[in-house]
Amino acid sequence: MNAGIFDELKKLITRAYAPYSHFKVAVIIRDKKGNFARGVNVENASYGLTSCAERNAVFSFVASGFEKPAELFLYTETDGFTAPCGACRQVLMEFDPNLPVIMLNRSGDEKRVLIAELVPLPFGPKDLDEAT
């Protein structure tokens, strides 16, 4: 893993807004051309309005005009590894079921999985086609 990405994630996580859970998350998505989109979690007193780092990064990725994500790096200040929540998994499946998700902990250790491994039975465009 690129040490520069790990260092950037550690800086990025300081921007997370997590006054309720105190659980900060930082994400960087890289595309095949070397472009990067970033996201942090942003909590809200009305918990349902909280926005996860992964979705914030995806929305920034799309708004920046990037085409296909190549890797997603997810960092939390924990000893273990934190996977994306269910909603974020579904959003990520939309872009590439073979997207590598690299989870990093505070020590810089990493665990790699494909998003499809985290979402074995996804809802997708084919499901919409069958409904019409």
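When Tyr47, Tyr75 are sorted by how many other C-beta atoms sit within 10 angstrom of their C-beta, beginning with the fewest, the order is Tyr47, Tyr75. Charging the Cβ of each Asp and Glu at -1 and of each Lys and Arg at +1, and nothing else, the dipole of the chain about its Cα centre rounds to 400 debye. On a per residue basis, the convex hull of the C-alpha atoms belonging to the chain measures out at 120 Å³. Note on the range 3-131: Lys pairs 8 or more places apart or on different chains, Cα atoms under 15 Å apart, count 4.
Once fully extended, how much extra length lies between Thr78 and Lys111, figured as 0.36 nm per residue of separation less the alpha-carbon to alpha-carbon distance?
Full extension from Thr78 to Lys111 adds 10.6 nm.
Within a Cβ distance under 9 Å of Ile115, other residues only, what is the Lys/Arg minus Asp/Glu net charge? Once all neighbours under 9 Å are counted, the net charge is -1.
Laboratory data are not the source of any read-out in this text; all were calculated from the coordinates shown. Note that the coordinates shown come from a computational prediction; the quantities given were computed from them, not determined experimentally. Quick reminder, even Gly has a Cβ in these numbers, built from the backbone with ideal geometry, and neighbours come from all protein chains shown.
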